[in-house]
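Novice: Following this message is one structure expressed as structure tokens.
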Ligand SMILES: Cc1cc2nc3c(=O)[nH]c(=O)nc-3n(C[C@H](O)[C@H](O)[C@H](O)COP(=O)(O)OP(=O)(O)OC[C@H]3O[C@@H](n4cnc5c(N)ncnc54)[C@H](O)[C@@H]3O)c2cc1C
């Protein structure tokens, strides 16, 4: 038996013993995901127990070093863990912008004190983070951001506004892009700072979306004092960190394209039934087959790209490719789901429709190709950094 | 499944890359076409490929091969695809070698495999009959006659059939029963028509009129060929997908090179975002196609239980991506894309043939949906 076989065996046994039965059922929606944070209300004791057990093992962030709350696993070990979790249908113990976005950036660009202060609480799900990038005048053109950050000697003073800040009303801390030099070229006057959302002068106002939900906010900063220890990297060098973080965000968002636990054709068969062993609508059936093939091929591509990259390393511009394809595929999948659902999928409030779940989920996917940089922006990045086309 | 090449595979890929670029570039195909070459490929090249071990890639060492498997065959095919290399690799070294290895008895293996590996004998695999690939609807019949069988019916789209030394012929031997036969193309009652295809490559049609074969011409079990045929076809589908990916990737490369240079409105046309976005989309699709090809080849080699599904998904997907690469390639070239002088049209043509071979996208989508029960 190789070391890896031993690891697999032990992992399987450990999961079998420690993963509560309730945490082995498919996630039905946002309410079943565990986001953690100071004010987080666990949806069940099992959810809390699962988070704490996994965090104690460092397995909320399996590849992070142990001193920062991680499991210190190698890439292949982490893959084994993921596989074993998948086998028993174990839910992810923690969903977190800290894990997907800030963590990788701090590991690469943070100083030792920052890593020790911020990474372990992320790993344990104690501090929930939000992302302060977009502004009313800086969306696709992110580097046009204008939130002002002034050096006041012993601290920074931040004034300005962010928008589309996901979960700003529930987050404990924010990682924020600010302008620290208004005279430099737009990419060269940006810094990357961290601060507590409870700091005086921070206000988050939820925005209602087409899905009827309010997962993101307008966020205002009025004379917000930020400790100088919370500058990540060098002053005016924040753009590099911002971009690096985005590659991780894109990888994560694109990953949704791999699909849900249940294949589309099964869902459609459940909704429409079968006639002579076939879905009753031949044109829809063909599109479903196509989408399922694409989902498999896309999954293979994610695996290949992760295998090609070094453990924990960013995929660089290829993350744009995954983000672009994965989000467009996910949108396609939900369009087909709506097609298969017929008028029942259009119900918005009834109990029968679980409060309009299908329609609301469908609407949510429209944001996939906007958040984290639009599809068009991803195509621009591929043209520039991979194809190196002129003027891109 | 291994999606990243190991050291041996990388070495093979590099040597194949150099070999085909050097010995069989696109202009070699043009020469064969323009000279109306009788054989349709270069026999010296085929001998060289055999010397490189390429012809014996699917054949075990006891029978003169190098036994490297599907991944190796696929990597070779990618390079052939890039260069539009004409050779009997798919027909003889992949399909027929696999069929004989899987189904043949010891004397058939000893007789044919070493010669296939050495590039001395060319065996073509005759399966299709109608316009479309339909291996479950074989109508050519083989009836028992005396000590052997009598074959009646027709075959079409038999790649390299017109220069084959032997044919492997799939015949119906009863309701829902299929048998494979080794047939000499010179046998009496067998008529051959060479069909030069749109890609300037070779195929043939055959008419069987009471063609007699001996009992020892049977390859594998009588009446039981269906699963062997499916297994052989799946290897063929994976390898042709690899070739198709190679051709598409190269079509994409020459197209992006072109739009970087060509100027209109006082600037390179590659500056136009409309073309940039379509190129980036195509890049993404090609990356997906590559993953599918590698996953399928690897699954076949490791005997993955789902390999057959993977291969079908791959043939379906790569067919679509390749079509896009060909179509976009011509469009982005503008008028010169329509000329015989530019290579992009040759890629469009080869891609069309590889799309059709062993089942197109629609065929495999249908098969997958049926198999999944919807
Ligand atoms: C669900 C969701 C969650 C989000 N969460 C966060 C968050 O937590 N934190 C945060 O900071 N931001 C967040 N965002 C904001 C997101 O990053 C921006 O919406 C996005 O970058 C687009 O910017 P914009 O909305 O200003 O659109 P615009 O930039 O105005 O784009 C409008 C349209 O123009 C196109 N376009 C713009 N520029 C170009 C170009 N150069 N070439 C071609 N087409 C172009 C775009 O592709 C788009 O189709 C979120 C967005 C959504 C939808």
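What follows is calculated from the coordinates using simple rules that are stated; it is not laboratory data. Predicted, not measured: the structure shown is a model, and the values here were computed from it. Cβ sites come from the backbone with ideal geometry, for glycine too, and all protein chains shown count toward neighbours.
Novice: When DSSP beta bridges are limited to those with both residues in chain B, what percentage is antiparallel, rounded to the nearest 5?
Specialist: 85 percent
Novice: Using a Gaussian network for chain A with springs between C-alpha atoms less than 10 Å apart, which of these wobbles most: A:277, A:110, A:137?
Specialist: Evaluated over chain A, the most mobile residue of the options is A:277.
Novice: Rounded to whole Å and sorted largest first, list the principal axis extents of the Cα atoms in the range B:7-121.
Specialist: 42, 38, 18
Novice: With viscosity set to 0.692 mPa s and temperature to 37 °C, compute the Stokes-Einstein D of chain A, Rh being the Kirkwood radius across alpha carbon pairs; µm²/s, no decimals.
Specialist: 146 µm²/s
Novice: Taking the 0 to 90 degree range and rounding to the nearest ten, how far is the long axis of helix A:75-87 tilted relative to the main principal axis of chain A, both from C-alpha atoms?
Specialist: 40 degrees
Novice: Of B:125, A:109, B:252, how do they rank once you tally other Cβ atoms within 10 Å and put the fewest first?
Specialist: In order of increasing Cβ crowding within 10 Å: A:109, B:252, B:125.
Novice: Using the Cα atoms of the range B:77-213 to build a convex hull, what is its mean projected area in square nanometres?
Specialist: Quarter of the Cα hull surface area: 8.7 nm².
Novice: From the alpha carbon gyration tensor of the range A:241-386, can you work out the equivalent ellipsoid semi-axes (sqrt of 5 times each eigenvalue) and give them in Å, largest to smallest?
Specialist: Over the Cα atoms of the range A:241-386, the ellipsoid semi-axes are 32, 18, 12 Å.
Novice: Separate question: Show that you can apply the helix-only estimate: for chain B, add -39,500 (n - 2.57) for every DSSP H stretch of four or more residues, divide by all residues, and state [θ] at 222 nm to the nearest 500.
Specialist: When only DSSP H runs of four or more count, the value is -16500 deg cm²/dmol.
Novice: While we're looking at this one, here's another question. For B:226, B:7, what ranking results if the residue with the fewest other Cβ atoms within 10 Å of its Cβ goes first?
Specialist: Lowest count first: B:7, B:226.
Novice: Something else: Where the eigenvalues come from the Cα gyration tensor of the range A:96-153, what are the semi-axes √(5λ) of the equivalent ellipsoid, largest first, in whole Å?
Specialist: Over the Cα atoms of the range A:96-153, the ellipsoid semi-axes are 25, 16, 11 Å.
Novice: Over the protein assembly as shown, what per residue volume does the convex hull of the Cα atoms give, in whole Å³?
Specialist: Once divided by residue count, the hull of the protein assembly as shown is 179 Å³.
Novice: Considering only DSSP beta bridges with both partners in the protein assembly as shown, what is the antiparallel share in %, to the nearest 5?
Specialist: Roughly 85 percent of the beta bridges in the protein assembly as shown run antiparallel, per DSSP.
Novice: Quick one: among A:162, A:208, A:57, which has the greatest mean-square fluctuation in a GNM of chain A with alpha-carbon springs under 10 angstrom?
Specialist: A:208
Novice: How would B:42, B:223, A:141 line up from fewest to most surrounding beta-carbon atoms within 10 angstrom?
Specialist: Least crowded to most crowded, the residues run A:141, B:223, B:42.
Novice: Which one of B:119, B:174, B:359 has the biggest mean-square fluctuation once chain B is modelled by GNM with Cα springs under 10 Å?
Specialist: The residue with the greatest mean-square fluctuation here is B:174.
Novice: Could you tell me how many degrees, from 0 to 90 and to the nearest 10, lie between the Cα long axis of helix B:226-261 and the main elongation axis, the longest principal axis, of the Cα atoms of chain B?
Specialist: Relative to chain B, helix B:226-261 is tipped by roughly 20 degrees.
Novice: Just to confirm the number: angle between the C-alpha axis of helix A:318-341 and the first principal axis of chain A, 0 to 90 degrees, nearest 10?
Specialist: Relative to chain A, helix A:318-341 is tipped by roughly 40 degrees.
Novice: For n ≥ 4 DSSP H runs only, could you compute -39500 (n - 2.57) per run for chain A, divide by its residues and tell me the 222 nm figure to the nearest 500?
Specialist: Mean residue ellipticity at 222 nm (helix-derived): -12500 deg cm²/dmol.
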